[in-house]
Amino acid sequence: MWGDIAIAFILAFVVAFVATPYTIKIAKKIGAVDIPKDERRTHKRSIPKFGGPAVILGFLVSTIYLLVVMTMEKTINLMGGEEYGKKLLGFAIAVGILSIFCVVDDIKTIKPLTKLFGQIIATVVIIAAGVRIEGITLPFLNFPEIHEITSIILTMAWVIIVTNAINLIDGLDGLSSGISVISAVSLLIIFVLNGSSMLSIVLITALAGALVGFLPYNFSPAKTFIGDTGTNFLGFSLAVISILGAAKTYTAAVIVLPLIVLGLPIFDTIVAIIRRLIKGKSIKAVFKADKGHIHHKLLAKGYSQKQAVVMLYGISATLGIFAVILTDSGIWKACSFLFIVILAVIAGYKNFAPEKTGNESYECLQCRYIYNPKIGNEKAGIEPGTEFDKLPEDWVCPVCGESKDMFQLHPEN
């Protein structure tokens, strides 16, 4: 098993690492370039956003090679009772459908609802192929077998939520790809501990390897972005593989463990939906991008891109380790681990917080208005010399009306 894991990781890593420079060249030729044409962008120059195909290629080459070899060795049976061959075919078709929508989005940009439609079609395909959440077993919630309609609804919701969670958190260099690596490695360990199928272990390892091969080009300062093709593939794959890895085990792994591992992007997505609904007061507002995500908040607090990304990596890794300990040693050890980590963060937070002199200027992320403490904001009754942190909580940008949490420390400070 460990030899297959090593092959899956290294082969995917090498292919993705070698392929990424070619996707950068292709991106420039087909126009898949992210131009900082609005204030949401954190980068100031045009950057290719077509790294997804390199990750997909690394994943496919590694997976196909191992499946062929393992079939010849008779260590895996794709045509057996589990119907892995049928499920893999459905997964491949679904990824193809999803990629068509997302490649068009990377090149020309399509409406969010159109992209959601593509996600729904892809999810229907994998459900039809037999990839479903079939049961949930928890200490106080025991449903080893659930109704077919409930199974379809749960699977549909899980896949679409995770797909969009990874897509929405893709706001800083290396953020979505790094968090996906951490999530994939965490799930790999959980699959091994749970005795999951070799198929799911190979798939999640290949995904991790391909991402590690891509990450050197994506970490700050990024040479390329993974793009919507990449983020949708990552989220979709993590969701589907987590179902395959937990299938037939009837443990909390079916929903709870992947939910913990992917807790950060899922939490950010749920909060974003609620925030947009409250602010926009309509369903359409959910699909309107904003700068209220966790990584935007950290930038607004004065952290650099690298600092924000590393902090979010840390949170994601902590959740992944928590899920692994929960799987291997139970809830009490997992909770005590988490408690100690939280105490350590609280104790050392001030040592890592951005240093402030009290006279820093702050810039609105929406309209680029700069609040200067020396000048204040006389129209709003803010006297000169008032520090930004001392502004009333209901104070808003005098130009565009955005709240305080949409401001970040001005780069020239």
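The values are calculated or read from the model by the stated rules, or taken from the named source; none is laboratory data. These numbers were taken from a predicted model, which means no experiment stands behind them. In this analysis, Cβ positions are derived from the backbone assuming ideal geometry, glycine residues included, and neighbour counts consider all displayed protein chains.
Computed values, structure above
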read-out: Which numbered condition Leu319 fails, given (1) part of a helix (DSSP H, G or I); (2) free of Cβ contacts under 8 Å to residues at least 40 places away in the same chain; value: (2)
read-out: Residue within segment 105-123 that is surrounded by fewer than 16 Cβ atoms within 10 Å (Cβ to Cβ) and under 18 Å from Leu203 (Cα atoms) present; value: no
read-out: Single residue of Ile107, Ile56, Ile76, Ile24 found to be touching a residue at least 60 places away in the same chain (Cβ under 8 Å), β-branched (Val, Ile, Thr) and assigned to a loop (DSSP other than H, G, I, E, B); value: Ile76
read-out: Residues of segment 209-246 satisfying the condition of being over 17 Å from Leu67 (Cβ atoms) and among the small types (Gly, Ala, Ser); value: Gly213, Ser220, Ala222, Gly227, Gly230, Gly235, Ala239, Ser242, Ala246
read-out: Selection status of Cys367, closer than 19 Å to Lys291 by Cβ and either surrounded by 11 or more Cβ atoms within 10 Å (Cβ to Cβ) or in contact (Cβ under 8 Å) with a residue 24 or more places away in the chain (or both); value: yes
read-out: Filtered residues of segment 359-390 (kept if in a loop (DSSP other than H, G, I, E, B) and more than 34 Å from the chain's Cα centre (by Cα)); value: Asn359, Asn372, Pro373, Lys374, Ile375, Gly376, Gly381, Glu383, Pro384, Gly385, Thr386, Glu387
read-out: Residues located in segment 56-100, provided they are among the hydrophobic types (A, V, I, L, M, F, W, C) and either closer than 15 Å to Val125 by Cα or not assigned by TED's automatic domain parsing to the domain that holds Ala129 (or both); value: Leu88, Leu89, Phe91, Ala92, Ile93, Ala94, Val95, Ile97, Leu98, Ile100
read-out: Extreme residue, farthest from Val159 (Cα to Cα), among residues of segment 122-143 that are at pLDDT below 70 and among the hydrophobic types (A, V, I, L, M, F, W, C); value: Phe140
read-out: Residue pairs meeting the criteria (Cβ under 9 Å; at least 6 apart or on separate chains; first farther than 17 Å from Thr155 by Cα, in segment 252-275; second at pLDDT below 85 and surrounded by fewer than 20 Cβ atoms within 10 Å (Cβ to Cβ)); value: Val271/Gly292; Ala272/Val286; Ala272/Asp290; Ala272/Gly292; Ile273/Val286; Arg275/Asp290; Arg275/Gly292
read-out: Residue match in segment 259-269 (condition: in a loop (DSSP other than H, G, I, E, B), out of contact with any strand residue (DSSP E or B) (no Cβ under 9 Å at 6 or more places or on another chain), over 20 Å from Cys367 (Cβ atoms) and modelled with pLDDT of 80 or more); value: yes
read-out: One residue from Ile331, Ile342 being farther than 27 Å from Ile278 by Cα, among the aliphatic types (A, V, I, L, M) and either modelled with pLDDT of 90 or more or touching a Gly at 6+ places or on another chain (Cβ under 8 Å) (or both); value: Ile342
read-out: Hey, Leu343 assigned to a helix (DSSP H, G or I), surrounded by 16 or more Cβ atoms within 10 Å (Cβ to Cβ) and not assigned by TED's automatic domain parsing to the domain that holds Gly174 or not; value: no
read-out: Those residues of segment 191-226 which are within 19 Å of the chain's Cα centre (by Cα) and closer than 27 Å to Tyr84 by Cβ, in sequence order; value: Leu203, Ile204, Thr205, Ala206, Leu207, Ala208, Gly209, Ala210, Leu211, Val212, Gly213, Phe214
read-out: Set Leu326, Leu299: member being of a type outside the set (D, E, K, R), part of a helix (DSSP H, G or I), over 20 Å from Ile182 (Cα atoms) and modelled with pLDDT under 90; value: Leu299
read-out: Residue identified as under 24 Å from Ala222 (Cα atoms) and in the same structural domain as Lys29 (by TED's automatic domain parsing) among Pro53, Pro112; value: Pro53
